[in-house]
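Report on the structure given below.
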Amino acid sequence: MSFSINTVTLLYLIASICFIQALKGLSHPTTSIRGNIFGMVGMSIAILTTFGLIGTMSEFLNKENLSNGFLLVFAGIILGGGIGATMAKKVEMTKMPELVAFMHSMVGLAAVFIAIAAVVEPYALNITEKGQMIPMGNRLELFLGASIGAITFSGSVIAFGKLSGKYKFRLFQGSPIVFKGQHFLNLIVGLIIILLGILFTFTQNLDAFFIMLILAFVIGVLMIIPIGGADMPVVVSMLNSYSGWAAAGIGFSLGNSMLIVAGSLVGSSGAILSYIMCKAMNRSFVSVILGGFGGEVSGPSGSSEQRPVKSGSADDAAFMLSNAESVIIVPGYGLAVARAQHALKELSDALLSKDIQVRYAIHPVAGRMPGHMNVLLAEAEVPYDQVFEMDEINSEFSQTDVVLVLGANDVVNPAARTPGSAIYGMPILEVFKSQTVIVNKRTMASGYAGLDNELFYMERTMMVFGDAKKVIEAMGKAT
């Protein structure tokens, strides 16, 4: 199978339009299914076109055993696609962030492998004639694509371990790893990578390229290990952006417009998402890009003295909810851990049947990855018109009778309004303005920021301790 260059260009253009439509569709829950369909169609067109492009290139390169080459590529697609489909089908919602981190690592590693192949045998990829040097522009692109890909891979592996939280290996534990001179070491390693990249760009020195590649893997680890769990949503969106730019860099080297467009779309959308996440967490966008951010916030974990809280049962909470006119539900990671989204949907339906207004408030960094809570609620078939982002609903809390907080902590902590607080300036859901607050948590343990949550000690707050699913089911039965 072979296509003319004009046909390849046209098909890649159609695929690019599909990818743009996919991003547009994924920007809102109501159009997300359509967006996914566009993405699948675009990727199918891109894959088939690439097969045709291989056939076209073979006519000029006089390659032998073309059929065996096609067979290997097809086998790779079947194997990789089968593994991906199986993982996506079996993954639990609580494990979705790890899956995303794993996918990012694979994109970065693919960019590294392609770059190595292009550097070692550029003629095989039609970059240059056999025996000739790679053009300087291509060497620069290979340096950028390979280094960003290596950083993405090793950084994503560390993020995967931190998100999983089940590995004893120190680098994979959720708490940050910090040491004296850490930022200076990162700076030195980064400068060496740049210098080696420049050396490779001007001389095509293979030793410089491979040493640069090793150091890029190392700095990917160094950039992520000082980042704690509180910053994981930013890490995920940042690595998403990196993987896109790595693909785009390799696309320029190969002269593949599809890789350039797709990589640029992923890179730019990931960068925009990272910026949104940074605003939501009061972080510096520049420090996020460079990896010098985060770590667990070193604020105090509260005094050792036990402070009194008002606690109640699921029946008490059900009584308050049943006698309210308006209810806002704030889901957090605790809801995902308990797999309580379906029980919550049943509770919401029971309240709605009593003509009680029910809405959901989503903080941009709720959960462990961007959009985690939105996907969780969508899985339980919560109507999209009941789900509101922070900016849309913050003004409504003061007119709300009851707010039900499920497993959320830092994103509702009024300490963000207190100068000098470790999370001062972080935008929060203004739950404290409502008439009554019901908070469900397993314990009084602090959130990722390590701070006591003043919301829990307010006179209008009632704590209901226990597993979110069991508590919500009990509320539903008593409603």
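Applying the condition of being open to solvent by 30 Å² or more (accessible area, probe 1.4 Å) and either of a type outside the set (Ser, Thr, Tyr) or within 16 Å of residue 437 (Cβ to Cβ) (or both) to the range 395-406 and asking which residue is nearest to the chain's Cα centre (by Cα) yields 396.
Among the residues of the range 184-205, some residue qualifies, meaning at least one is of a type in the set (Ser, Thr, Tyr) and open to solvent by less than 20 Å² (accessible area, probe 1.4 Å).
Of all residues in the range 145-167, one or more are within 26 Å of residue 240 (Cβ to Cβ), assigned to a loop (DSSP other than H, G, I, E, B) and among the aromatic types (Phe, Trp, Tyr).
Total residues in the range 93-129 satisfying the condition of being open to solvent by 40 Å² or more (accessible area, probe 1.4 Å) and at pLDDT below 85: the figure is 6. In the range 280-332, which residue that is acidic (Asp, Glu) and at pLDDT below 85 is surrounded by the fewest Cβ atoms within 10 Å (Cβ to Cβ)? For the range 280-332, the residue satisfying everything is 305.
Have a look at 353, 348 and point out the one that is free of Cβ contacts under 8 Å to residues at least 24 places away in the same chain and either closer than 21 Å to residue 273 by Cβ or small (Gly, Ala, Ser) (or both). Going through 353, 348 in turn, just one is free of Cβ contacts under 8 Å to residues at least 24 places away in the same chain and either closer than 21 Å to residue 273 by Cβ or small (Gly, Ala, Ser) (or both): 353. Scoring residue 277 on the criteria (1) at pLDDT 85 or above; (2) buried (at least 17 other Cβ atoms within 10 Å of the Cβ) leaves a single failure, condition (1).
Within the range 238-260, the set of residues being within 19 Å of residue 6 (Cα to Cα), open to solvent by 30 Å² or more (accessible area, probe 1.4 Å), modelled with pLDDT under 90 and not aromatic (Phe, Trp, Tyr) comprises 254, 255, 257, 259.
Touching a helix residue (DSSP H, G or I) at 6+ places or on another chain (Cβ under 6 Å) and aliphatic (A, V, I, L, M): does that describe residue 151? Considered against the rule, which asks whether it is touching a helix residue (DSSP H, G or I) at 6+ places or on another chain (Cβ under 6 Å) and aliphatic (A, V, I, L, M), residue 151 comes out as yes.
Of all the numbered requirements in (1) assigned to a helix (DSSP H, G or I); (2) modelled with pLDDT of 85 or more, residue 132 misses one, and that requirement is (1).
Among the candidates 389, 381, the residue that is at positive phi and within 25 Å of the chain's Cα centre (by Cα) is uniquely 381.
Only a single item in (1) more than 15 Å from residue 112 (Cβ to Cβ); (2) β-branched (Val, Ile, Thr); (3) open to solvent by 50 Å² or more (accessible area, probe 1.4 Å) is not met by residue 214, and it is number (1). Within the range 109-121, residues that are over 13 Å from residue 148 (Cα atoms) sit with their Cβ atoms under 7 Å from residues that are modelled with pLDDT of 90 or more and open to solvent by 50 Å² or more (accessible area, probe 1.4 Å), at 6+ positions apart or across chains, in these pairs: 119/206. Every condition in (1) assigned to a helix (DSSP H, G or I); (2) more than 24 Å from residue 254 (Cα to Cα); (3) of a type in the set (S, T, N, Q) is met by residue 175 except one, and the failing one is (1).
The values are calculated or read from the model by the stated rules, or taken from the named source; none is laboratory data. These numbers were taken from a predicted model, which means no experiment stands behind them. So basically every Cβ, Gly included, is an ideal-geometry build from the backbone, and we count neighbours across all protein chains shown. Areas reflect the complete protein model, heavy atoms only, side chains present, ligands, DNA and RNA absent. Shrake-Rupley method; radii C 1.70, N 1.55, O 1.52, S 1.80 Å.
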